[in-house]
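What follows is a set of notes on a single structure, which appears directly below.
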Amino acid sequence: MTLLANATTSKYFNDISLWNDSLSATPEGKKQLQEIIMATCMTQTPDGGITFDMRKGPVKTIHTYVFCTAADNNLRLYSKFGGEQCYYDEPLDEMQWQIGDSTATILSYECIMAECDYHGRHWKAWFTPDIPLFFGPWKLRGLPGLILKADADNGIGFSATGIEKSDRHITPMYSPQDYSKTSRKKALADDEYYRNNRESIIRTKHGDVQFNYNPADRPLYDAARYAPEPDYTE
């Protein structure tokens, strides 16, 4: 994941997904993307058959984009929930941090720890005043310095692996018209329902589809354990 940030705006995204979406925004680009994926993922077997391994190509697997705009006090998240592309907004000031005395050195920067409760989890974050930006990874924001590391319970967390100045522009969302507006809790609830019922949903849409596993053997998605924001279940 990449975080682009300046004094007023940030964008958190996956570079392969951004490249896919930039090409898919035009008919010509979409055709070019299909040709690239076919060339990288298709293999001809010795007996003349053809196999596809989508792991070989630049295929979009991460759908999340997070845009923060300090001037508007707004965060907008785009992603795929329950098989549908949606977005939702929330105010930037929802995170209320308590800054402590603990410090740590991360990527050669002196960082200060802060804590807050946010959407069902308790977060500890380390920010550096040496980079006086309001933002951090994912939806984390609101401290007087760039957040370089953050941890919650159950192994959920983020850690910066490098920092550099960049001349990249914080471009707006590609094809925003393809996303429908929703609320945060509805989006997360829809996503959980899809994860736990996707086989029946797929069969409803496409008829009798065979899976190479028994859906009954797949464990249910446990929001309390895996979801960064488990409060949607309350």
* Asked: Across every pair of different alpha-carbon atoms, what Kirkwood hydrodynamic radius in Å does region 95-159 reach?
  -> 11.5
* Dipole of the chain, positive end: most advanced residue of W126, Q96, T26 [Cβ charges, Cα centre] -> T26
* **Selection from C68, G82, L3 lying farthest towards where the dipole of region 1-92 points positive, charges on Cβ** => L3
* Residue-wise, which Karplus ³J(HN,Hα) couplings in Hz belong to region 96-110, taking 6.51 cos²θ - 1.76 cosθ + 1.60, θ = phi - 60°, and x for glycine or proline? -> 10, 8, 10, 8, x, 9, 5, 10, 7, 9, 10, 6, 6, 9, 6
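Per 0.36 nm of contour for each residue apart, how much would the distance between D167 and D72 grow if the chain were fully extended, relative to their Cα-Cα spacing? It would help to have the intermediate numbers written out before the result.
Details: separation 95, 0.36 × 95 = 34.20 nm, distance 2.35 nm.
Here the answer is 31.9 nm.
Determine the sum of side-chain charges near D15: Lys and Arg each +1, Asp and Glu each -1, restricted to other residues whose C-beta is under 15 angstrom from that of D15.
On the way: positive: K11, K60, R168; negative: D21, E164.
Net of charged neighbours comes to +1.
Could you work out the Rg to Rh ratio of the chain, with Rh taken as the Kirkwood radius (inverse of the mean 1/r over all Cα pairs)?
Working: Rg = 20.3 Å, Rh = 20.2 Å.
Over the Cα atoms of the chain, Rg/Rh equals 1.01.
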* **Computed [θ] at 222 nm, deg cm²/dmol, the chain (DSSP H ≥ 4; -39,500 (n - 2.57); rounded to nearest 500)** => -7000 deg cm²/dmol
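If region 1-92 were replaced by its equivalent ellipsoid, with semi-axes equal to the square roots of 5 times the Cα gyration tensor eigenvalues, what would those be, largest first, whole Å? Walk me through the numbers before you get to the answer.
Numbers: eigenvalues 241, 33, 26 Å².
Its equivalent ellipsoid spans semi-axes of 35, 13, 12 Å.
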* Asked: Treating the beta-carbon of each Lys and Arg as +1 and of each Asp and Glu as -1, no other charges, what is the dipole magnitude of the chain about its Cα centre, to the nearest 20 debye?
  -> 520
* **Within straight-line cross-link reach of K60, lysines at Cα separation under 19 Å, skipping those fewer than 8 residues along the same chain** => K11, K30, K31, K80
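Values in this text are rule-based calculations from the coordinates and carry no lab data. Since the model is a prediction, treat every value here as computed from it, not as a measurement. A quick note on method: Cβ atoms are made from the backbone with ideal geometry, for glycine too, and the neighbour counts reach across all protein chains shown.
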